[in-house]
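Have a look at the structure below before the remarks.
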Amino acid sequence: MNAKPLLLLTGCAEFSSRTAEASNPSWRDFYLSPGIVWSWSKTPEKANGTGFELTAGYTFLLASRDGVRAFFLEPNVGLLYRNHSYRSRDYHRQVFGVQGGIGPFGLEIGYADRGASASLSGRSGFHLAPFFSLGVLYCGPQWTLTDRTPEFSFNFALKLPMPFSLWRSIARGDFVGWFLPPKM
């Protein structure tokens, strides 16, 4: 079974005849990655909930391995927006920030805002979250550092990272071309 179409569909890889030595920054290296997030909060109260995440960024091409690039293994930087709704405790949390990674490891830094609920007042603060990601799977802890006790939760996400070249192919109606190897 050929795994290349699945890798391309999930945006985890793309065919490229470029090499690291001959590579210049390209629109093909930008990505958009929407996802659904499950979050378990330990502080300020035990709670759980779901939400969504959207990241957009740039992946630096290090090398082309037999014409296939693994986006989730390349260094990357980007912008992040995440929104959780903790239904078990009736409050929400939003994060705006930047993220960067090398290989499957990365770090998010930003601003977090937790809304008020019947038993909690709202809080805002510095967001810090190391993570482990394999493209479509993401997990990691997150902290919101406020003027009081730091708030902690753990996230698990399913994402669909798509390089800009895939979006362009879909818009042009050339989606089938993504499933064929490049002409060398």
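Remarks
- Test: residue in segment 120-134 that is exposed (fewer than 15 other Cβ atoms within 10 Å of the Cβ), under 14 Å from the mean Cα position of the chain (by Cα), closer than 26 Å to F60 by Cβ and without any contact (Cβ under 8 Å) to a residue 24 or more places away in the chain: no
- Odd one out for V98, checked against (1) surrounded by 15 or more Cβ atoms within 10 Å (Cβ to Cβ); (2) part of a strand (DSSP E or B): (1)
- Residues that are closer than 15 Å to T43 by Cβ and buried (at least 17 other Cβ atoms within 10 Å of the Cβ) were ranked within segment 104-119; the one that is modelled with the highest pLDDT is A112.
- Within segment 125-184, tally of residues that are among the hydrophobic types (A, V, I, L, M, F, W, C) and either in a loop (DSSP other than H, G, I, E, B) or modelled with pLDDT of 85 or more (or both): 19
- Considering segment 85-119, the residues that are farther than 16 Å from S153 by Cα and of a type in the set (A, V, I, L, M) include one that is nearest to the chain's Cα centre (by Cα), namely V98.
- Verdict on L79 being modelled with pLDDT of 60 or more and either in contact with a Gly (Cβ under 8 Å, 6 or more places away or on another chain) or surrounded by 18 or more Cβ atoms within 10 Å (Cβ to Cβ) (or both): yes
- Any hit, segment 15-37, residues being touching a strand residue (DSSP E or B) at 6+ places or on another chain (Cβ under 9 Å), modelled with pLDDT under 55 and outside any loop (DSSP other than H, G, I, E, B): yes
- Matching residues, segment 106-145, being of a type in the set (V, I, T) and out of contact with any Ser or Thr (no Cβ under 7 Å at 6 or more places or on another chain): I109, T144
- Against the conditions (1) surrounded by 17 or more Cβ atoms within 10 Å (Cβ to Cβ); (2) touching a strand residue (DSSP E or B) at 6+ places or on another chain (Cβ under 6 Å); (3) at pLDDT 85 or above, P44 satisfies every one except (3).
The values are calculated or read from the model by the stated rules, or taken from the named source; none is laboratory data. Because the structure is a prediction, the values reported are computed rather than measured. FYI the Cβ positions are ideal-geometry reconstructions off the backbone, even for glycines, and counts take in every protein chain you see.
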